[in-house]
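Read-outs throughout are calculated quantities, based only on the coordinates presented, and are distinct from any laboratory measurement. Model, not experiment: these values are computed from the prediction.
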Amino acid sequence: MNDKTKIICIYVVVAVISVLILATTYYIRGRQVKPELEAFYERETHFAPLLKLEKDLVLTNQAGKEVRISDLKGKVWAFAQFYASCPMCAQRNSQGLKKLYETFKGEADFQLVCITVNPETDGVAEMKAYAEGLDADTSNWWFLTGDPEALKAYMIEQMKYQPIVQRADPEEAAEKGDYEHDMSIAVYDRNLSMVQRHDLFNARKKGEAYFNGEENKLHYTVKTLLEKK
């Protein structure tokens, strides 16, 4: 073997080794588990009000009893929009809201409030059936219906939610429900002031770690407000 052939062989060996090293590096990187995005939050003890409910609203709960928003003064409560036939609400309510309820239902000052965005078809019978499906007690978890015009105006003007939109695409409506509405959970203090909103439904799409962080923040907010008498 002459010198030229030796040099060529050396270059070939080096090239092959380099390719193997690069291939191994990319393989190892591909096999590494990427950490999920985590939700970060400071453990606040004071929550500045984002809005305060100045006006009252009369509604009807799942037992057919007339209740008012003003009845919630002095309580720490969480609020969510929903309607009985919404598949996304069913997922959120049976998971995020149900867990919140189970965690704090023993607290006399805690309340969950769900108001239908479709009062035209969601009457007391639908509210009762929905509540029973979640083992919700009327004393601390209301499912509410009422006058369609007054109810929707209150959620837009007082609670600052976006107007309810009826989905025009039949396929989208079949998958997500007939109405598009906010899926967040709002937390109110004892003075009827909203202090935070937590969107657990969409947080889950960012990974389990992020969802857990948002859920922990929601529970921490409620717990902190309940400790303040």
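Check which residues have an amide H placed less than 5 Å from Asp122's amide H, if you skip close sequence neighbours.
none
Per residue of segment 116-127, in order, report the coupling 6.51 cos²θ - 1.76 cosθ + 1.60 (Karplus, θ = phi - 60°) as ³J(HN,Hα) in whole Hz, putting x for Gly and Pro.
5, 9, 10, x, 4, 10, 8, x, 4, 4, 5, 5
Of the cross-linked pairs Lys73/Lys160; Lys99/Lys128; Lys65/Lys228; Lys73/Lys205, which ones have a Cα-Cα span greater than 24 Å in the structure shown?
Lys65/Lys228; Lys73/Lys205
Run the numbers on segment 132-229 and let me know its relative contact order in percent, using alpha-carbon pairs under 8 Å that are six or more apart.
13 percent
Restricting things to alpha carbons, find the Rg to Rh ratio for segment 72-224 using the Kirkwood radius for Rh.
0.94
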